[in-house]
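Data first, discussion second: the structure below is written as structure tokens.
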Amino acid sequence: MFAAAPELPPCGSNTKSARTWVDIYDSSGKRLYGFCALANRDGLDKLWFALEKDVIPPSWVYIEMNDRKTNTKYKSNLAETTE
């Protein structure tokens with residue numbers, strides 16, 4: 001799912017972006033950030049998002065993985081961002 005896919009549309013100037021792109025959303029569905037070049041599933045352990053100064057981070061987020069080759073989307077369960 002994370003192999004380079006040069007036959008699919010590029011991600012900006014990255015013509016070898018991954019087959020599967022990953023987006024992060026808050027619990028209301030607002031997109032926070034996305035990744036288009038994860039090399040393998042280990043990259044899922046290193047996802048992050050940034051917010052503007054003084055913005056309170058969401059308490060819960062989820063990811064959506066878009067397999068661009070099969071046009072299939074996979075949505076995760078909500079994950080808590082605070083401990």
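Tell me, please, whether a residue that is over 13 Å from the mean Cα position of the chain (by Cα) and surrounded by 10 or more Cβ atoms within 10 Å (Cβ to Cβ) can be found in region 28-39.
no
In this structure, does K73 turn out to be modelled with pLDDT of 95 or more and charged (D, E, K, R)?
Working: modelled with pLDDT of 95 or more: yes; charged (D, E, K, R): yes.
Yes.
Return the only residue of W48, W21 being outside any strand (DSSP E or B), of a type in the set (A, V, I, L, M, F, W, C), at pLDDT 95 or above and in contact with a Phe, Trp or Tyr (Cβ under 9 Å, 6 or more places away or on another chain). Give the derivation first.
Values: W21 fails: outside any strand (DSSP E or B).
Criteria check complete, one pass: W48.
For region 65-83, name all the residues that are in contact (Cβ under 8 Å) with a residue 24 or more places away in the chain and over 17 Å from L32 (Cβ atoms).
D67, R68, K69
The values are calculated or read from the model by the stated rules, or taken from the named source; none is laboratory data. Everything numeric in this text was worked out from a predicted model, so none of it was measured. Cβ atoms come from the backbone with ideal geometry, glycine included; neighbour counts cover every protein chain shown.
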